[in-house]
Amino acid sequence: MVTSPDEARLAHLRRLRLAKDVMDRDWADPLDLDAVAAHAGYSRYHFIRAFKGAYGSTPGQYLTRRRIERAEELLRSVNLSVTEICSLVGFSSLGTFSTSFKKQTGLTPSAYRDRYVGRAAGVIPGCYAMLWYGGRDAPAQMGGPEDSNS
């Protein structure tokens, strides 16, 4: 079956969108690049190049941006520590989280909270937010990606 270049390009973009949808849905979980690339039907290295060509950033950069955007929302709206928010949005290192956050927003997480707290509808108590997100150990309790080998 012969396909036109336009049809091939659309098929390529649909496959990349499948992988991007996985990152949009599971952004807080530890994601394996090989597994995400498999959703698009590519090897990890071809996927990185194709994703950057289509979306202007690598999959890692895209995922970090999504996580920081979610952290911004949490810093404005819930009463949790920066460390708790770091964990909830999928970072395993507070230092990496703080550095990435400052690079994207121009402020440290604490400075961001100080500047924007009170602008949200109301600050949600941290205990409710932790229940909503399933607590810090939610992926392990719910059979998350790291438990899939058992």
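The values are calculated or read from the model by the stated rules, or taken from the named source; none is laboratory data. All of these numbers come straight from a predicted model, not from anything done at the bench. With ligands, DNA and RNA removed, areas are computed over all heavy atoms of the protein, side chains included. Shrake-Rupley method; radii C 1.70, N 1.55, O 1.52, S 1.80 Å.
Residues whose amide H falls under 5 Å from that of Asn79, counting only those 5 or more places apart or on a different chain, are Ile124, Gly126, with hydrogens built in the peptide plane. The residues of region 57-115 expose on average 46 square angstrom of accessible surface per residue, using a 1.4 Å probe on protein heavy atoms. Surface composition of region 12-114: carbon plus sulfur atoms contribute 50% of the solvent-accessible area (1.4 Å probe, protein chains only, all chains present).
Each residue was assigned an accessible area with a 1.4 Å probe, and for Arg9 the value is about 120 Å².
Please work out whether region 35-88 counts as rounded, prolate or oblate from its C-alpha gyration tensor, where a ≥ b ≥ c are the square roots of the eigenvalues and a/c under 1.5 means rounded, while otherwise a/b larger than b/c means prolate and anything else oblate? Note, shape of region 35-88 comes out prolate.
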